Structures are given as C-alpha cells and as structure tokens.
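A short worksheet on the structure shown next.
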Amino acid sequence: MAVAAAEGTGDSRSWRSLLYNQQLRQFVYQALTVIFIAWLIWYASTNAAQNLAKANMTTSLSFLNGRSGFDIAQTPIQYSSDSTYFRALVLGLINTLIVAIAGIITATIVGMLVGIGRLSHNWLIAKLSTVYVEVFRNIPPLLVIFFWYKGVLSLLPDVKKSLSLPLSVYVSNRGIYMPAPVFGAGIWIVPIAFLLGVVGAIVYTRWANKQQLATGKRPPVLLVNLGLIVGLPLIAFAIAGFPVTFDVPVLGKFNMNGGTVVGPEFLSLYMALSFYTAAFIAEIFRAGIRGVSKGQSEAAHALGIRPGLATRLVVLPQALRIIIPPLTSQYLNLTKNSSLAVAIGYADLVAVGGTILNQSGHSIEIIGIWMAIYMSLSLVTSLFMNWFNARMALVER
C-alpha cells in the first residue's frame with residue numbers, strides 16, 4: 001500500500017510539473033492558436049467556395065482583361081472607356097498615390113508650423129494654433145471633406161465668371177485652370193541634371209557635417225545645395241534651348257479650352273486630408289519638442305545662437321527621434337483615409353474598384369486587391385519611416 005501511494009504521489013508530481021512547465025504551456029497555446037486560425041481560414045474559404053458555386057460564379061483575375069466601359073474624370077495617364085479593368089485600377093492607384101503623397105507633404109509642413117506655433121511666446125499665434133488643433137482634431141474627416149467640397153469650392157463663381165489670377169490661372173467651381181507645359185526635344189537633360197544635383201547636395205552635406213564635427217565651423221550648406229538642386233537644372237534647361245511651351249487656357253462659350261485643370265474633387269480631398277492630419281501632426285511635433293531637455297535650448301542661447309536657429313539646428317534634430325514613430329501612424333492614416341474620396345466622386349482606388357465590382361460582380365477579387373494594395377502601401381511606408389528613424393537616431397560616442 002505504501003509503495004502504491006508513493007507511486008501515485010510521484011505520478012501526481014510529474015503531472016503537476018508538466019502542467020506548470022512554462023515552455024510546454026507556451027507551445028500548447030501557440031499550437032492551439034495556429035489550429036484555430038487555420039480552421040477559420042478553412043471554414044471561410046469553404047463557405048465562400050460553396051456560395052460561389054451556388055451562384056455559378058468562379059474566382060479568377062482574368063476579368064481584369066475585360067473592357068471597362070466607363071469614363072474617369074481624373075486621368076493622369078492615358079485612359080478611355082475602351083481600356084481594360086486593370087488599367088482602370090492602375091489609374092485609381094495612381095490617383096490615390098498622388099493625393100496621399102501631396103497630403104503627407106502638406107500635412108507635415110503645416111503640422112510642424114502649427115506645433116511650433118503652439119509653443120510660441122506670442123499669445124496670438126499660440127492661441128490660434130490651439131484653436132486650429134482643437135477644431136480639426138475633433139471633426140470627422142468626412143465632414144471636413146464635405147466642408148471643402150460643398151462649403152468652399154462649390155461657392156466659387158462658375159466658369160464664365162472665373163477669378164483671373166496672374167500667369168493665366170483661372171479659379172472657378174470647376175477647379176483651377178492653369179497653363180499646361182508642352183515639352184520638346186532635349187528636355188531629358190533637365191531631370192538628369194536634377195538627379196545629379198540631388199546626389200551632389202547629399203555628398204556636399206555629408207562633407208559639411210564632417211567639417212563641422214572636425215573644426216566646429218559649418219560651411220555654407222543652404223546656398224550650395226540650392227545651387228546644385230535648382231541652379232544646375234536651370235543651366236541644363238538653358239543649354240537645351242528652353243525646350244518647353246505652354247498650352248494656355250482660354251475661356252470659351254461654355255467652358256475653358258486648353259491648359260490643364262485641377263478638379264474640385266481632388267482639391268477637396270487634398271485640402272481636407274492635409275489640414276485634418278496636420279492637427280494630429282502638430283501635437284506630435286509639440287510633444288517631441290517638449291521632450292527635448294530645456295537645457296539644450298539654454299545652452300544654445302548661451303552660445304549666442306538665435307532662438308529660431310536654435311530650434312532648427314538644436315531642438316528639432318533631437319526631437320525627431322521622438323516625433324518619427326508616431327508620425328508614421330499619421331502617414332498611414334492619411335493614406336487609408338484617402339478611400340473617403342468615393343464620397344465626392346474622386347476616382348481613387350476604392351471608387352474605381354467599386355465601379356468595377358458593380359459591373360463585373362467579382363467582389364471577392366476586388367476586395368482582395370484593395371486589401372493587398374493598402375497593406376503593401378502601409379508596409380512600404382512603415383519600412384521607409386523605420387529606415388529614416390534609424391538614420392536620425394542619436395549615436396552614442
């Protein structure tokens with residue numbers, strides 16, 4: 001009996017040791033999670049396949065080669081109703097990238113200025129910046145889009161009474177009409193000169209930074225970089241014989257003829273996303289600047305550095321290591337919020353894909369394409385910002 005009791009006690013202890021084994025529990029939990037996820041995927045795919053079979057539908061991307069049969073107003077690339085569904089999706093993706101990139105640049109600039117303005121010692125600037133942040137941050141982005149589309153741009157005069165601005169620019173409720181450049185032979189030399197100027201500016205800036213660390217004196221960077229990035233392409237443009245003419249818009253009987261137009265749909269979406277996201281970016285910049293020790297500014301002032309120069313050369317570079325990670329989230333939000341363009345008729349990826357979905361009935365494929373593209377854009381943005389964050393990180397000596 002005593003031997004049996006001892007064996008029972010030993011078995012109980014072994015079971016307890018297995019039960020409280022942390023590595024074993026982690027393995028079991030992970031295995032159960034993987035099995036559950038695999039079952040969900042299998043169930044969803046099986047259910048979708050059965051429903052498609054009942055509706056006599058198949059999943060395939062071959063429908064992308066079919067004729068689209070619809071027109072698109074915003075066409076940065078060549079497109080017509082005879083183009084394929086695939087080209088229509090590419091056009092929608094390009095429109096999404098245009099508004100996202102333009103919005104990110106504008107939102108960053110406006111957000112930085114407003115964030116610095118909130119810390120200004122000028123009472124009026126600080127209060128105006130605070131009002132801007134509180135107003136835009138507490139309004140849904142869709143409402144901001146409608147404000148610009150219905151409350152601002154739609155109230156502009158019609159085409160016959162367009163506001164005439166310098167350089168043959170006309171503003172009306174149909175958009176902004178401006179001269180369209182027509183490039184001639186030899187223009188290829190200008191972008192090459194621009195790329196060479198950018199490379200030269202990067203190399204010169206790195207050399208100037210090394211000189212500053214070695215001698216304490218910083219060579220002139222801004223003027224030299226402007227000369228390389230702006231001056232060199234201008235010289236190449238002159239050498240090529242100024243190979244560009246302009247197609248100037250002319251007011252016709254019912255509409256503008258010639259030139260190019262930036263439609264109210266793009267302007268509404270661009271302005272709304274830029275100013276809405278800038279409110280959040282302003283708070284990120286303000287928090288980043290607050291995160292830098294006050295002693296850094298005091299040390300810069302003690303060295304005789306002007307306040308504006310101290311902010312640009314001392315405070316902001318250190319604040320970037322705090323600013324960049326949350327800034328990435330705002331860039332991702334702006335890109336995904338561009339899908340709200342469907343509400344005002346801007347032909348972005350979602351709007352074009354929705355039209356294709358209604359015509360072809362391939363809902364699973366279109367939704368899968370949406371998910372894959374937006375996920376890819378988010379991952380690319382995150383990878384770039386992580387790389388930039390690593391480059392801007394402070395290196396301990």
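Among the residues of segment 260-271, is any of a type in the set (S, T, N, Q), under 15 Å from residue 112 (Cβ atoms) and within 24 Å of the chain's Cα centre (by Cα)?
Within segment 260-271, not a single residue is of a type in the set (S, T, N, Q), under 15 Å from residue 112 (Cβ atoms) and within 24 Å of the chain's Cα centre (by Cα).
Among (1) outside any helix (DSSP H, G or I); (2) touching a helix residue (DSSP H, G or I) at 6+ places or on another chain (Cβ under 9 Å); (3) open to solvent by 90 Å² or more (accessible area, probe 1.4 Å), which single condition is residue 82 missing?
Here residue 82 clears every test but (2).
Given (1) over 20 Å from residue 67 (Cα atoms); (2) modelled with pLDDT of 90 or more, identify the lone condition not met by residue 391.
(2)
Quick one: residue 173 ticks every box in (1) surrounded by 12 or more Cβ atoms within 10 Å (Cβ to Cβ); (2) under 19 Å from the mean Cα position of the chain (by Cα) bar one, so which box is it?
Residue 173 satisfies all of (1) surrounded by 12 or more Cβ atoms within 10 Å (Cβ to Cβ); (2) under 19 Å from the mean Cα position of the chain (by Cα) except (2).
Could you go through segment 88-102 and let me know if any residue there is touching a residue at least 24 places away in the same chain (Cβ under 8 Å), under 30 Å from residue 297 (Cα atoms), assigned by the TED database to the domain that holds residue 327 and under 22 Å from the mean Cα position of the chain (by Cα).
No, segment 88-102 contains no residue that is touching a residue at least 24 places away in the same chain (Cβ under 8 Å), under 30 Å from residue 297 (Cα atoms), assigned by the TED database to the domain that holds residue 327 and under 22 Å from the mean Cα position of the chain (by Cα).
Say we look at segment 341-358 and pick out the residues that are in a helix (DSSP H, G or I), in contact (Cβ under 8 Å) with a residue 12 or more places away in the chain and hydrophobic (A, V, I, L, M, F, W, C); which of these is nearest to residue 121 (Cα to Cα)?
Going through the qualifying residues, I end up with 341.
Take the conditions small (Gly, Ala, Ser), open to solvent by less than 50 Å² (accessible area, probe 1.4 Å) and in contact with a Lys or Arg (Cβ under 9 Å, 6 or more places away or on another chain) and apply them to residue 319. Does it pass?
So residue 319 passes the test.
In segment 342-370, what residues are among the small types (Gly, Ala, Ser), under 23 Å from residue 49 (Cα atoms) and in contact with a Gly (Cβ under 9 Å, 6 or more places away or on another chain)?
353, 360
Residue under question is residue 376, and the condition is that it be out of contact with any Ser or Thr (no Cβ under 8 Å at 6 or more places or on another chain) and surrounded by fewer than 17 Cβ atoms within 10 Å (Cβ to Cβ); does it hold?
yes
In segment 109-125, what residues are assigned to a helix (DSSP H, G or I) and touching a helix residue (DSSP H, G or I) at 6+ places or on another chain (Cβ under 6 Å)?
110, 111, 112, 114, 115, 117, 118, 125, listed by residue number.
Any idea which of 115, 66, 92 is closer than 16 Å to residue 279 by Cα and open to solvent by less than 40 Å² (accessible area, probe 1.4 Å)?
Selected residue: 115, the only one of 115, 66, 92 that is closer than 16 Å to residue 279 by Cα and open to solvent by less than 40 Å² (accessible area, probe 1.4 Å).
Write out, first by first residue and then by second, each pair whose Cβ atoms fall under 7 Å of each other, whose residues are 6+ apart or on separate chains, and whose first residue, in segment 314-340, is within 15 Å of residue 390 (Cβ to Cβ) and touching a residue at least 60 places away in the same chain (Cβ under 8 Å) while the second is in a helix (DSSP H, G or I) and open to solvent by 50 Å² or more (accessible area, probe 1.4 Å).
Going by the 7 Å Cβ cut-off, the qualifying pairs are 320/392; 321/392; 324/388; 324/392.
Looking only at segment 22-75, count how many residues are on the phi > 0 side of the Ramachandran plot and free of Cβ contacts under 8 Å to residues at least 12 places away in the same chain.
Number satisfying all stated conditions: 1.
Quick one: which residue in 234, 163 is open to solvent by 60 Å² or more (accessible area, probe 1.4 Å), more than 28 Å from the chain's Cα centre (by Cα), at pLDDT 90 or above and more than 30 Å from residue 305 (Cβ to Cβ)?
None of the others qualify; the one that does is 234.
What number of residues within segment 289-313 satisfy the criterion of being among the β-branched types (Val, Ile, Thr) and open to solvent by 30 Å² or more (accessible area, probe 1.4 Å)?
2
Considering each of 214, 279 in turn, give the residue that is surrounded by 13 or more Cβ atoms within 10 Å (Cβ to Cβ) and assigned to a helix (DSSP H, G or I).
279
When you check residue 385 against the structure, is it in the same structural domain as residue 145 (by the TED database), open to solvent by 70 Å² or more (accessible area, probe 1.4 Å), at pLDDT below 95 and among the hydrophobic types (A, V, I, L, M, F, W, C), yes or no?
no
Taking segment 206-224 on its own, how many of its residues are in contact with a helix residue (DSSP H, G or I) (Cβ under 9 Å, 6 or more places away or on another chain) and either of a type in the set (Phe, Trp, Tyr) or at pLDDT 90 or above (or both)?
Total satisfying the criteria: 0.
The values are calculated or read from the model by the stated rules, or taken from the named source; none is laboratory data. For clarity, every value in this text was computed on a predicted model and none was experimentally measured. Every residue, glycine among them, receives a Cβ derived from its backbone with ideal geometry; neighbour counts consider all protein chains shown. Accessible surface is based on the protein model in full, side chains and every heavy atom, while ligands, DNA and RNA are left aside. Shrake-Rupley method; radii C 1.70, N 1.55, O 1.52, S 1.80 Å.
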